[in-house]
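Everything on this sheet refers to the single structure shown next.
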Amino acid sequence: MLIDTGASLTVLDLKRYQKIYPENELLPYENSFRGITSHNVKSFVALVDSLMLGTIELKNKRLLLVDLSSINQAYAHYDLERIDGVLGGDLLLSMHANIDYAAGRILLKD
């Protein structure tokens, strides 16, 4: 997961989500969503029963789903690891995130 303090929403990769939860229903995201591109991105919303972030379990979270393949292709070009999603400000705020840039760590509270 990529931590993006400037992203307002938490996003999971649509294809990765569909591999893990093939039976779950996808609902169209009602608002327009723009990622790192200048155009609207096709996006969905899904309810995630359980998501683990380290030792913290998030239950029944509505998350935005977006195809991150173009971002992962760009990352591959620079030999960067593939990402499965972006932890945005909504989740960081709700978990009272404390980012220690000097130590290179993030503390989350459930």
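The values are calculated or read from the model by the stated rules, or taken from the named source; none is laboratory data. All values derive from a computational prediction rather than experimental measurement. Cβ: placed from backbone, ideal geometry, glycine included. Neighbour counts: every protein chain shown.
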* To do: Quickly run through the range 67-104 and pick out the residues that are under 24 Å from residue 26 (Cβ atoms) and of a type in the set (Gly, Ala, Ser).
  => 69, 70, 85, 88, 89, 94
* To do: Look at residue 28 and say whether it is at pLDDT 85 or above, farther than 17 Å from residue 1 by Cα and more than 15 Å from the chain's Cα centre (by Cα).
  => no
* From the residues in the range 44-70 that are touching a residue at least 24 places away in the same chain (Cβ under 8 Å) and of a type in the set (Asp, Glu), which one is farthest from residue 12 (Cα to Cα)? -> 57
* Asked: How do the pairs read when you match residues in the range 1-26 that are without any contact (Cβ under 8 Å) to a residue 12 or more places away in the chain with residues anywhere that are among the aliphatic types (A, V, I, L, M) and assigned to a loop (DSSP other than H, G, I, E, B), using Cβ under 9 Å and keeping only pairs 6 or more apart or on different chains?
  -> 18/26
* Which members of the range 57-66 meet the condition of being within 16 Å of residue 1 (Cα to Cα) and either at pLDDT 90 or above or not charged (D, E, K, R) (or both)? -> 58, 63, 64, 65, 66
